[in-house]
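This report refers to the structure that appears directly beneath it.
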Amino acid sequence: MQYKNRVTILALLPLFLVGCYNDTFTSERKLKKLNDEYYPAISPMNEENQDLENVNRGFIKGTELTEPIKLGNTDISTWNINQYIDHMHGDAPATVHPNLWRMEKLNNCNGLYQVYPKPADNASSNDLKDGIVYQIRTYDISTMSIIKSKNGWIIIDPLNSVDAARKGWEIFKENIDPDAKLRAVIISHSHVDHYMGLKGVVDPANILRTTQSNYSDKMLNGDKVLVIAPNGFYEEAISENLYLGNSMERRATYMYGMALPVDECGSVGAGLGKNVSLSSGSLVEPSFEIKVEEGKMYNMSIDGLSISFLDAPNTEAPAEFHIFFNDYKIMCPGENITYTMHNLLTPRGAKVRDPKAFGKAIDKSIDYIAKSWDGRINAIIGVHHWPTWGNQECHTIMEKQRDMYYFFNDQVIRLINKGMNMEEIAEIFQLPSTLGSEYYNRGYYGTLNHNVKAVFQRYAGWWDGNPANYFKYPDAEVAKRMVNDMGGEKAMLKKAKEYFDKGDYRWTVELTRHLVFNNPENDQARYLQADAFEQLAYACEAGTWRNIFLSAAFELRHISQSQFKGTTDEFIKRATFSLTNLTPHYAFEYYSILLDGFRADGVDKEWIIKIGNDTHKLHLKNGVLHHNEISNGDSSAITFASMNEFAKDFNTNMSAVVNGQTTNSPLYELYQYFDTFNLAWNIIEPLK
């Protein structure tokens, strides 16, 4: 999402990374203790490691990235994998968990790979020219698959960035098929890193516009490209990324460590992949969404290929499906099978996921393979990481990841029924050895602790049943009272230092958190909390946890991790851009969130708005903005030729409102009740 601050941060690195450069804070003894206690290391990666062989299998020489991918015609890097590769050599340093170091060295491997037929160990690049399935890996956090159809190729998941997707498609054509014809794009689920790069491989004007019931292969003529997605894709993509976009993007900078320096004391990756590219795309409506009865398969032909889809809602994404290429006996499970334990509740903030739905979707896929492919499967091609080849290997990872999610579901519920709260369960929860010993069930992205709390939240909600936790003061008030009751800032800081010296970094963070919320100007407390966060980060197996703790440490040292300054002008600019890519219906849904219902108390007013051929009635009443589509016959409608024109009106009026000016626009009164959001809101200290 942003790399713009990296030069500034690197310039300040020697001054502020105290925990990295002070031996007092990087004691290997303390790190070893934390590693053993929380995340026992598995065998280190070496040249004979089977996983390294699989990662490199089918690699086509010369397709690795040697230069950053640029954002459009600018000098800004949208993706730069070599900043990771350059410093990640040898065994794990004391500041990176060995399991995470191992995974991220695997994630560094990038380029174009043949997947099917499975390449031989000694296959040359010339041997890899006539494949059926290829992948572009680590041109972004996600993986783009390219599958041969009768008359061309089908892409699964065109990455997060237009520039990265375009680069991947160009590399494929240069090395495999110079005349490659794109026949279809399949979007596996509703997360941005799997669809935002769509315009890099297809012109939106060439997207085939049809319906699921009317579609036939005969429509794929000329430059027309079929784009399909799971049921609910468009609505869920908007819901997750627009409605909560302001909060989610700020939290994502922590989760992915987007502004951290890339080195052994900073970002090494996110576990699921290296990181998220700087996006240059936007949401585009697919040709249609695959609608199918839950638990049933939908079969169709796409450019001569027999493909089946299993709807898997409320799994890793609210809208997701599994894809089966029947002619090749190859399965793409969306993001429900990866080489890491996944998050059941993403730290960036979204709807909680259903572990039982994860398990059921994988179970149904196993059942489909048993019935339709006689139990034989050639490969699993994921949307992150690398493939799994071989019938036994594919069944093993499906079964063990299925049972991992079932285990979370069943055992957390059992412990809730024994009266345990989420912290108590999370502190003692372990997978059985038959599951936890598999490296693909390790917590490089999700974690045991985090997922336990997600299951608890899903079934029991935020309250643990203890009345003392039912009506608590907010953090700032708790901090003020806690500091006062412990004898003031100096006494509490002294106690926090004692816990730090004992190696109890979790309690150091807890005490200094109150100090910082009580007095954000207390730099001694800020720096001590930062030091403690660093120690926790260095011990983390999860790239996400590492990034979150290190990002907090930077901001505690007064280095912002946000790409924004948090001005209203920035917010209005981003909101205006969002509006240009929405339909009128979703634009007005967004408006209902911008409305400050408290200030609009007592207002009862209507507006009729026509945008293009769509006319809507807006009614502001009871602090709620209602909207309904109506017929086009109202001559009093406020008219806009397009969403672009409508968005410009929003930009003009909102700018006037925040600057205390007025306009003659009939919508000016409505915008007076709109709120703006700080794009750089405080996380580790009280909101301003």
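Less than 5 angstrom separates the built amide H of GLY623 from those of GLY602, VAL603, all sequence-distant by 5 or more or on a different chain.
The Kirkwood hydrodynamic radius of the chain, based on inverse pair distances between different Cα atoms, is 26.9 Å. When the alpha carbon gyration tensor of the range 412-509 is reduced to an equivalent ellipsoid, its three semi-axes come out at 32, 21, 11 angstrom, largest first.
Residues whose amide H lies under 5 Å from that of ILE559, counting only those 5 or more places away or on a different chain, are absent; hydrogens are built 1.01 Å from N in the peptide plane. The Cα atoms of the range 548-654 cover 59, 32, 23 Å along the three principal axes, with the biggest extent listed first. Taken per residue, the accessible surface of the chain reaches 41 Å², heavy atoms only and a 1.4 Å probe. Largest to smallest in accessible area, the residues GLU629, GLU289, GLU264 fall in the order GLU629, GLU264, GLU289 (1.4 Å probe, all protein chains included). What fraction of the Cα pairs in the range 306-434, stated in percent, has a spacing above 23 angstrom? Tail fraction, whole percent: 34. Between the residues GLY461, THR434, ALA476, the greatest Cα displacement towards the positive end of the dipole of the range 385-499, with unit charges on the Cβ of Lys, Arg, Asp and Glu, is found for ALA476.
A Stokes-Einstein calculation at 10 °C with viscosity 1.306 mPa s, built on the Kirkwood radius of the range 421-468 over Cα pairs, returns a diffusion coefficient of 134 µm²/s.
Which translational diffusion coefficient, to the nearest whole µm²/s, is obtained for the range 153-241 from the Stokes-Einstein equation, given a Kirkwood hydrodynamic radius over C-alpha pairs, 4 °C and 1.567 mPa s?
Working: Rh = 13.6 Å.
Approximately 95 µm²/s, per Stokes-Einstein.
Of the trypsin sites (Lys or Arg not before Pro) found in the range 378-420, the ones in coil according to DSSP and having at most 14 other Cβ atoms within 10 Å of their Cβ are LYS418. Applying both filters, DSSP loop and at most 16 other Cβ atoms within 10 Å, to the chymotrypsin sites (Phe, Trp or Tyr not before Pro) of the range 438-495 gives TRP462, TRP463, TYR470, PHE471. Per-residue SASA remark: TYR505, around 10 Å² accessible (1.4 Å probe; ligands, DNA and RNA not included). Taking all protein chains together and rolling a 1.4 Å probe, ASP601 ends up with roughly 120 Å² accessible. Sorted largest first, the principal axis extents computed over the alpha-carbon atoms of the range 466-533 equal 35, 24, 19 Å. Can you give me the solvent accessible area of ARG376 with a 1.4 Å probe, rounded to the nearest 10 Å²? Surface open to solvent at ARG376 totals about 130 Å². 3J(HN,Hα) along the range 557-569, derived from phi through the Karplus expression 6.51 cos²θ - 1.76 cosθ + 1.60 where θ = phi - 60°, amounts to 8, 6, 10, 5, 9, 8, 7, 10, 8, x, 7, 5, 4 Hz, with x in place of Gly and Pro. Karplus-derived 3J(HN,Hα) values for the range 609-619, using 6.51 cos²θ - 1.76 cosθ + 1.60 with θ = phi - 60°, are 10, 10, 10, x, 9, 9, 10, 10, 9, 9, 10 Hz; glycine and proline are entered as x.
Expected output is a single nm value to one decimal: the length gained when fully extending between ALA491 and GLU67, i.e. 0.36 nm times separation in residues minus the C-alpha distance. What is it? Can you show the working numbers first?
Details: separation 424, 0.36 × 424 = 152.64 nm, distance 5.25 nm.
147.4 nm is the gain from fully extending ALA491 to GLU67.
Take THR211, THR138 and sort them by solvent-accessible surface of the protein heavy atoms, 1.4 Å probe, largest at the top. Intermediate values should be presented prior to the final figure.
On the way: THR211 60, THR138 15 Å².
Greatest to least solvent exposure: THR211, THR138.
For the range 219-376, the equivalent ellipsoid derived from the Cα gyration tensor has semi-axes of 30, 20, 16 Å, listed largest first. With the biggest extent put first, the Cα atoms of the range 80-206 measure 52, 36, 22 Å across the principal axes. Annotation: amide H-H contacts under 5 Å for PHE429 (H modelled 1.01 Å from N, sequence separation of 5 or more, or interchain): none. Just the number, please: percent antiparallel of the DSSP beta bridges in the chain, rounded to the nearest 5. If I count the DSSP bridges inside the chain, around 75 percent turn out antiparallel. Each 5 Å bin from 0 upward holds the following percent of the Cα-Cα pairs of the range 265-353: 3, 10, 15, 20, 19, 16, 10, 4, 2, 1, 0.
Work out the charge dipole of the range 508-619 with +1 on the Cβ of Lys and Arg and -1 on the Cβ of Asp and Glu about the Cα centre, then indicate which of LEU595, THR615, THR567 is farthest towards its positive end. Towards the positive end, the residue furthest out is THR615. Scalar couplings 3J(HN,Hα) for the range 235-249, obtained by applying the Karplus form with A = 6.51, B = -1.76, C = 1.60 to θ = phi - 60°, are 5, 5, 4, 5, 4, 6, 9, 9, 4, 9, x, 5, 5, 5, 5 Hz; x denotes Gly and Pro. In the range 113-180 the Cα-Cα distances spread across 10 Å bins starting at 0 as 21, 54, 24, 1 percent of all pairs.
The values are calculated or read from the model by the stated rules, or taken from the named source; none is laboratory data. Here the structure is a predicted model, which is why all the values come from computation and not from measurement. We place every Cβ from the backbone using ideal geometry, glycine too, and count neighbours over all the protein chains shown. Accessible surface areas use protein heavy atoms only, side chains included; no ligands, DNA or RNA. Shrake-Rupley method; radii C 1.70, N 1.55, O 1.52, S 1.80 Å.
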